[in-house]
1. Could you put B:Trp188, B:Trp42, A:Trp244 in order, starting from the residue whose Cβ has the fewest other Cβ atoms within 10 Å?
2. Compute from the Cα atoms of region B:1-88 the Rg and the Dmax, the latter being the longest Cα-Cα distance, and quote both in angstrom.
3. Can you list the equivalent-ellipsoid semi-axes of region B:2-232, largest first and in whole Å, using the square root of 5 times each Cα gyration tensor eigenvalue?
4. Hey, fewest Cβ within 10 Å first, where do B:Glu99, B:Glu84 land in order?
5. How far apart, in nm, are the 7 Å Cα→Cβ label points at B:Arg69 and B:Thr2?
6. Quick one: A:Ile227, B:Ile135, fewest Cβ neighbours within 10 Å first, how do they rank?
7. How much FRET efficiency would the formula 1/(1 + (r/R0)^6) give for A:Ala224 and B:Phe88, where r is the Cβ-Cβ distance and R0 is 60 Å, rounded to 0.05?
8. How much length, in nm to one decimal, is gained on full extension between A:Phe426 and A:Ile144, taken as 0.36 nm per residue of separation minus their Cα-Cα distance?
Amino acid sequence: MSEESEESVPLLPLQQESMASALFNTDQNDNSERRRHDNSERRRNDNPGSETNGQPQNNIQQVVEDEEEDEELTLKYGAKHVIMLFVPVTLCMVVVVATIKSVSFYTRKDGQLIYTPFTEETETIGQRALNSILNAAIMISVIIVMTILLVVLYKYRCYKVIHGWLIISSLLLLFFFSFIYLGEVFKTYNVAMDYITVALMIWNFGVVGMICIHWKGPLRLQQAYLIMISALMALVFIKYLPEWTAWLILAVISVYDLVAVLCPKGPLRMLVETAQERNETLFPALIYSSTMVWLVNMAEEDPEAQRKASKNSTYDKQANQPQNGDAEPDDGGFSQEWQQQRDNRIGPIESTPESRAAVQALPSNSQTSEDPEERGVKLGLGDFIFYSVLVGKASATASGDWNTTLACFVAILIGLCLTLLLLAIFKKALPALPISITFGLVFYFATDNLVQPFMDQLAFHQFYI
Amino acid sequence: MTLAVFFGCTFIAFGPALSLFLFTIARDPLRIIILIAGAFFWLVSLLLSSLIWFIAVKASDPRDEALQRGLLIFGVMFSVLLQEAFRFLYYKLLRKAIEGLVALSEDGCSPISIQQMAYVAGVGFGLMSGAFSMINLLADALGPGTVGIHGDSQLYFLTSAFMTMVLIFLHTFWGILFFHGCENQRWWEIAAVVLMHLAVSGSTFWNPLYVGSLVPSYLLMAVVGRDVGRWIPAAPVGGRGPASLQLVPVRPGEGFWGLPPGDHRPLQGPEGDFQAGTGPDAVLTRWGY
C-alpha cells in the first residue's frame, strides 16, 4: 500500500511546506516591532477609553526611552532566544538523522515526486546536470506560484480558503505520513502489530495534533507536534528528491527566500506587511513559536484588544477563534482554563488599575520571573524542514558520514545564530534560510571531499591533530 | 565490539567533557553560543588545513608511501598551526564581543568575563576536535568485527578513546592559557601553547607505540592542568586584575565559574591553604600585580 501511494504525493503537503518556508522564515521580529508600534500608538492616543495601564502616557520622551530599552532588551535577550531556537532545530535534526540511519525506507529509491519529473539515472553527467536543473526549476516555480496564490488569498481576505487548505495539509501530515512512518519503524524493528492498535494510535496522535496546532494546547505539546510534522515533511523530501536536485533546490530556495523577504515587491514581504497593517498574526499552524502566554482576540472582532495591556506581552498564536465568526463570551481570550493555568504557574494575580499603575512606574529593566516566557521568537516551519533536509541528506549520502553530518549541523546552527544577530540589529523580518543553507552547503561539500580523506588517513595511522 | 565497547569508549572519550558541559556551560545560553562558535572556528581551521593537504596530495605521486606519509605529517603540523591561528582569531572576536556586551548592558558589566569565554572556547575546540576524531570510530564500534585482525594493535578503540579525552582536556587548558597570554601580552604563554600542541600531535606519530604518545600526553595534561588550575582565581575576577582586565568588570560575587564563591572548592593555591587562596588581594599577589 505504501508503494503505490508514494508516487502521487498530493499537492497539499507541498503547499504547506512552501508556505511555511516561503513565508515565515522569520517573523521573530513581529514581537519587538509590533510592541514598539503599540507603545508609540498607545502613547500618542492618550485615550482614556483604551486599554492602557491606567496612566496617562503622552510622553514622547518615554517613547524614545522605550525604544532604547527595547533595543537593549532585544539584544540582551538575544542569547536566550538563540537557544530557544537551537533546541527545536537540533531536536528536529536529531529525529531526522536517527530515522535516516535506522529506517532504510527513507534512503531507498522508490520513484520521484511529480514535481521533479526528470530522472537522474542518465548516461552522461551533462544530461544529469541538465535534468536536475530542470527539476529544481519546476519545483521552485511551483513554490513561487503557490506563495503568490497564498498572498493573493490573504490580501483579499479569503481566510476560510486558507484555513481549509492548512487544515487539509496538516491532516495529511498528521495522519497519513505518520501512519507510513510508524509502519516503516515497525518493519525495521520487526514489531508485530495489528491494525486496530495502529488505528487507535494514529487516531489519537492525529486528533491531538490537530487540536494542538490549530486550536489550543499545552505549549510544549504544540511545539513537539510542529517539530514532528517538520521532521516528517523533511523525510518525505529526503526520500523523493534525487541527489543533485535536492542540493540545487536547497541553493535556489535560499536565494528565493532572500529575494522574497527582502525585496519590496517580494511576496513574503507583502504578506508580512499586510499582516502588520491589519495587526494580525500570521498563520499559527506554520510557525514555530517559542512562547505562548497571552491569548488575544484578533483584529476584526475586537479592536480594543489590539492595544496590548502590558508592554511585555507576546502574541497570540491562535488565529482561529475570531475567524470562525462565532464569538464566545468575550473574555478577551483569557478563558477559565487560561486563568487556572496562569494561577498555577505564577500564583493568583488580579490586575487592578492601581497595580497596573504601580507596575508601569517600575523601572522597565526589572527582571521578573516571567522573563524567559515573555518575549518569544518565531521561526517558520519551512526553515525547520529545509535545515533537516540538508542534514538528513548529508547523513544519508555522504561518504564522510558522521563527520559531514556534524559539520553541517554546526554550520546550520552558526548560520541561525548570525541570522538572529542580524535580526537584533536590523529589527525587521529576515529570511532564515540563506545564511544557514549557504554555510551548510559549503561545509557539506568541503567536508565530504576535502576533510574526509584527511581524517581517514589520520585515523588509519592514528595521528591526532 | 558491539555495545560494551561502544558505550565504554564513548564515556571514556566524552564523559568528562560532557560533565563539564552539563555543569558549567549548559545553564547559560551565552556560553552555549560561544561553545558552538568555538567548534565552528575549529572546523574552519580543519577545513583550510585539509584543503592544503588535499592540494599537496593531488600534486604528488600517490604510489610513493614515504612521500604520502611525509605529506600527512606536514598536514598534521600545518593543521596544528592553523588551529592555533584560529584560536587567536577567535580571541579577537570574543574581545570585540565583550565590548559589545558591555555597551549593551545596563550596568556596564559584561555578563561573562574573558576568562570564562576562554574556558568555554577551549571546551568548544576540544569537543569538536574529539568528535571529529572519535565519532566515526564509535559508529564502527557498534557493528560486527574484530579489532586488529590483520596484525594491528588490538587496543585501537581504547587508545583512541583515551587520546581523545586527553586532547579535549588539553584544548580546554590551552584555551585558558592562550587567552590569558593574549590578554596580558605574555607571548611566551602563547608560544608554549603552540609548542605543546605540536608536541602532543607529534607524539601521536609514535602510534601504535602507545607508550610514546599516550603517556607523554597525559603527563603534559597533568602539568598544564596543575599550572592553569593555580592561576584560576576562586575569587571574583576581572575588576581587580591588571590594568588590561580592568576594562571589563564582571559582576561581583561571581567566581570563575559564575557560582558564588564557596559553592565549589577553590583550587589549592601555592600557599596550600584555602583562606589565603580566596579574596581579591590573594588574586593580585598570586598574579604578581
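1. Final ranking by Cβ density, sparse to dense: B:Trp188, A:Trp244, B:Trp42.
2. 18.0, 52
3. Details: eigenvalues 208, 91, 56 Å².
In descending order, the three semi-axes are 32, 21, 17 Å.
4. B:Glu99, B:Glu84
5. Calculated label separation equals 3.7 nm.
6. On the way: A:Ile227 23, B:Ile135 19.
Going from least to most buried by this count: B:Ile135, A:Ile227.
7. Details: r = 42 Å, r/R0 = 0.71.
Computed FRET efficiency for A:Ala224 and B:Phe88 comes out at 0.90.
8. 98.9 nm
Here, each number is a calculation from the coordinates, and none is a lab measurement. This is a predicted model, so every value here is computed, not measured. Heads up, the Cβs are rebuilt from the backbone with ideal geometry, glycines too, and the neighbour counts pull from every protein chain shown.
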